[in-house]
Amino acid sequence: MKLSILAIMLTVSATAASRTYEIPSPGARTVLTLSDSDSCLVYSVAHGGTTMLADSPLGLHTSCADFASGLRLTGVDTTYVSRTYSQSRIKHSTARYEACRAVATAVNAAGDTMAVEFSVGDNDIAFRYLIPRLHKGETGALTIAGENSGFAFPEGTTAFFTPQSDAMIGWKRTKPSYEEVYAVEVPVGTPSGYGHGFTFPALFHVPGGWVLLGETGVDSHYVGSHISDCDPAGVYRIAFPMAGENNGNGDTSAAVALPAATPWRTITLGRELGPIVETTVAWDLVEPLYEPLEEPRPGRGTWSWIMWQDESINYDDQRTYIDFAADMGYENALIDNWWDTRIGRDGVERLVAYARDRGVGIILWYSSSGWWNDIVQGPVNVMSSSIERKKAMRWMRDIGVKGIKVDFFGGDKQETMRLYEDILADANDYGIAVIFHGCTMPRGWERMYPNYVGSEAVLASENMVFSQDFCDNVEAVHATLHPFIRNALGSMEYGGTILNKRMSRSNDSGTERRTSDAFQLATAVLFQNAVQNFALAPNNLHDAPAAAIDFMKRVPTVWDETRFIDGYPGKYAVIARRHGDVWYVGGVSALDEPVRLHLRLPMCSPESRMTLLADADASGRLEYSHVAPAHDGTLDVVLYPRGGFVVEAENASLPQ
Ligand code: CA
């Protein structure tokens, strides 16, 4: 539905050269102010009467026109847009988008015109640039070397974000891959360390509210961007990829055909954290780019590599993990790197048939490389070539492989964005679902690419195996951040829920887990990804608490609704998700002391049937019990240090 409304107030300042427009959201909770004072376009954002962004710059550096300075606003057209849509593989099964869409046209000193399009919703703002054919239609292509777009936060703002790494560093020179430790609640202006700024999403706590920055709608037509370090004027600016990414191959600029629309930069706003956790802005602003050949099959999976490592990539161990998947009632088993030489195509074919007989689908690992890193695990040089990729996909379709996990991408250049899109589009032609690892964060991709089922782009469970420090100091803190940051704007393939005490096949050597079983179970609810390859091991069938295994047999991976319940990023997080008529409430703590939570669960009533899986005490012993909420729907739960809980509530629903 589209209705034209006058949602705009125009004020022309005393200096006739400057114009200011105010664009309120449909519920008027948010007001965007746009002006061309000082010959530069600036915008600011107020939400609930609180300043969320101070005057922040707009503009583009292009090869054919200067759209960064000297811009004058010439008019603003507004439209009210409201729609409800269904979407699989995200935190809600239906989403409602309601916003004032405003197209602000501007002209530069040379007479070239362009526009900034805004989407102003009650809790989400987004903007993008629209560039027509230029110079009386003669100019039909240009490059964009960078943007003037920025975000200026009010004084007293703190940040929760993670740095962009150097290019071509780390394991086999595979970075950047969005696998860095977060800075938690640091003052705006804190240096990134590497000097390349911070990756999306980035969360900011302004005095009186919260702001989550991200971007969506990035495909083969643009680069993936991030934000710079804070400049001396206190502004975080949109930053483009680094020259060294992709082993120096490919340009850092975006090459576009005119007329062009850039990706959307998103700004999610809340006085409290609910709108941050529950936002659908990443999907509200994009549309499916093609029809799915087959609806991807979401589901749970087993994954030998996480506990049994490279040595498990052999026929017999993979059969053991397929049996394990069947025992758990899971839909998938993932065969990780090295299968091409250690199992071979014939062996994989037999494993796929063996799995099919047990109701289990196979996901196969591929390297994305390529000429952009030093990866030796095979298969290599398949996904990077259209010819080899299609041959492999035809083979996978013929033998019945359900999905691929493609690892170790070269960064955020347009060249790499094109590779992501090409892999997705080709895989769709063969009915194959796609997971990305060692990769960038998704940007609306669940909606744009119907066979896309998740990305890593996080310090994932593998770090539990690699590093005791990660177990000691990072795992719990990051788990309390993801629902508010990384996982708020896109699916997160974390590969979690570890019930081994030690990260090894024997469960008596290797790094030690510091979080409780209840914490691990809660992450199956907290971390959203349509395909979850859990880090369970076959021995957990007899050495883990039966209540934990029973829960892991029934926990779903797709959700109809998501609600923020309680928490503070970096301290603890409690999130509720509905699947069908069952609500799952998961909570985890990174605090050093136990905390008693008085949870308001608006979906629960005294008639609800509720069970609680939680730490019995500070020892982390798992306890399963029936619980009942108070008459006002509240439930008291103790969160122990590095502990957690899961509430399952049947006969529960949110008041309409
Ligand atoms: Ca990784």
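The values are calculated or read from the model by the stated rules, or taken from the named source; none is laboratory data. Keep in mind that this is a model prediction, so the values were computed, not measured. Ideal geometry is used to build each Cβ from the backbone, glycine not excepted, and the neighbour counts take in all protein chains shown. In case anyone asks, the SASA skips ligands and DNA or RNA and just uses the protein heavy atoms, side chains included. Shrake-Rupley method; radii C 1.70, N 1.55, O 1.52, S 1.80 Å.
One residue alone among 546, 573 is in contact with a helix residue (DSSP H, G or I) (Cβ under 8 Å, 6 or more places away or on another chain), aliphatic (A, V, I, L, M) and either open to solvent by 10 Å² or more (accessible area, probe 1.4 Å) or over 13 Å from residue 497 (Cα atoms) (or both), and that residue is 573. The requirement of being within 16 Å of the ligand (Cβ to nearest atom), at pLDDT 95 or above and in a loop (DSSP other than H, G, I, E, B) is not satisfied by residue 218.
Let's see how each residue does on (1) open to solvent by less than 10 Å² (accessible area, probe 1.4 Å); (2) within 16 Å of the ligand (Cβ to nearest atom); (3) closer than 30 Å to residue 480 by Cβ:
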| residue | (1), (2), (3) |
| --- | --- |
| 135 | no, no, no |
| 155 | no, no, yes |
| 161 | yes, no, yes |
| 175 | no, yes, yes |
| 178 | no, yes, yes |
| 184 | no, no, yes |
| 187 | no, no, yes |
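Can you pull out every residue in segment 451-476 that is touching a helix residue (DSSP H, G or I) at 6+ places or on another chain (Cβ under 7 Å), of a type in the set (S, T, N, Q) and more than 13 Å from the ligand (Cβ to nearest atom)? The one that is touching a helix residue (DSSP H, G or I) at 6+ places or on another chain (Cβ under 7 Å), of a type in the set (S, T, N, Q) and more than 13 Å from the ligand (Cβ to nearest atom): 451. The single residue among 345, 300 that is under 17 Å from residue 404 (Cβ atoms) and among the basic types (Lys, Arg) turns out to be 345. Annotation: of all residues in segment 464-475 being of a type in the set (A, V, I, L, M) and surrounded by fewer than 24 Cβ atoms within 10 Å (Cβ to Cβ), the one that is nearest to residue 270 (Cα to Cα) is 474. Does segment 317-324 contain at least one residue that is under 28 Å from the mean Cα position of the chain (by Cα) and hydrophobic (A, V, I, L, M, F, W, C)? The answer is no; no qualifying residue exists. Residue 281 meets all of the listed conditions (1) surrounded by 24 or more Cβ atoms within 10 Å (Cβ to Cβ); (2) under 27 Å from residue 360 (Cβ atoms) but one, namely (2).
Could you check, for segment 478-486, whether at least one of its residues is under 20 Å from residue 382 (Cβ atoms) and within 16 Å of the ligand (Cβ to nearest atom)? The answer is no, given that none of the residues of segment 478-486 is under 20 Å from residue 382 (Cβ atoms) and within 16 Å of the ligand (Cβ to nearest atom). Whenever a residue of segment 256-280 is of a type in the set (Lys, Arg), its partners that are open to solvent by 10 Å² or more (accessible area, probe 1.4 Å) and in a loop (DSSP other than H, G, I, E, B), lying with C-beta atoms within less than 7 angstrom and at least six residues away or across chains, give the pairs 271/48; 271/208. Determine whether residue 223 is more than 30 Å from residue 464 (Cα to Cα) and more than 16 Å from the ligand (Cβ to nearest atom). Against the criterion (more than 30 Å from residue 464 (Cα to Cα) and more than 16 Å from the ligand (Cβ to nearest atom)), residue 223 qualifies.
Test residue 197 against the stated conditions and say whether it is away from the ligand (no atom under 16 Å from the Cβ) and open to solvent by less than 10 Å² (accessible area, probe 1.4 Å). Taking the combined requirement at face value, the residue satisfies it. When 109, 102 are checked against the criterion of being in contact (Cβ under 8 Å) with a residue 24 or more places away in the chain, assigned to a strand (DSSP E or B) and of a type in the set (A, V, I, L, M), 102 stands alone in meeting it. Annotation: residue 69 fulfils all but one of (1) closer than 21 Å to residue 287 by Cα; (2) in contact with a helix residue (DSSP H, G or I) (Cβ under 7 Å, 6 or more places away or on another chain); the unmet one is (1). Kindly indicate the residue of segment 357-404 that is within 16 Å of the ligand (Cβ to nearest atom) and touching a Leu at 6+ places or on another chain (Cβ under 6 Å) and also farthest from residue 218 (Cα to Cα) among those meeting that condition. Result: 363.
Does residue 534 fit the bill of being under 23 Å from residue 472 (Cα atoms) and touching a residue at least 40 places away in the same chain (Cβ under 8 Å)?
So residue 534 fits the description; yes.
Residues of segment 544-561 that are touching a strand residue (DSSP E or B) at 6+ places or on another chain (Cβ under 7 Å), of a type outside the set (Val, Ile, Thr) and not in a helix (DSSP H, G or I): 545, 556, 559, 560, 561. Within the option set 287, 311, 349, being assigned to a loop (DSSP other than H, G, I, E, B) and either at positive phi or open to solvent by 20 Å² or more (accessible area, probe 1.4 Å) (or both) holds for one residue only, 287. Of everything in segment 614-631 that's touching a Leu at 6+ places or on another chain (Cβ under 6 Å) and not polar (S, T, N, Q), which residue is farthest from residue 523 (Cα to Cα)? Only one residue fits best here, namely 629. Given 119, 82, 69, which one is polar (S, T, N, Q) and in a loop (DSSP other than H, G, I, E, B)? Of the residues listed, the single one that is polar (S, T, N, Q) and in a loop (DSSP other than H, G, I, E, B) is 69. Taking residue 337, is it within 16 Å of the ligand (Cβ to nearest atom), in contact (Cβ under 8 Å) with a residue 60 or more places away in the chain and more than 30 Å from residue 285 (Cβ to Cβ)? Yes.
Residues in segment 496-533 that are in contact with a helix residue (DSSP H, G or I) (Cβ under 9 Å, 6 or more places away or on another chain) and part of a strand (DSSP E or B): 512, 532, 533. Candidates are the residues of segment 54-81 that are hydroxyl-bearing (Ser, Thr, Tyr) and either open to solvent by 10 Å² or more (accessible area, probe 1.4 Å) or touching a Cys at 6+ places or on another chain (Cβ under 7 Å) (or both); the one that is nearest to residue 20 (Cα to Cα) is 74.
A quick yes/no check of all residues on (1) in contact with a Ser or Thr (Cβ under 9 Å, 6 or more places away or on another chain); (2) among the basic types (Lys, Arg):
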| site | (1), (2) |
| --- | --- |
| 313 | yes, no |
| 336 | yes, no |
| 351 | no, no |
| 356 | no, yes |
| 382 | yes, no |
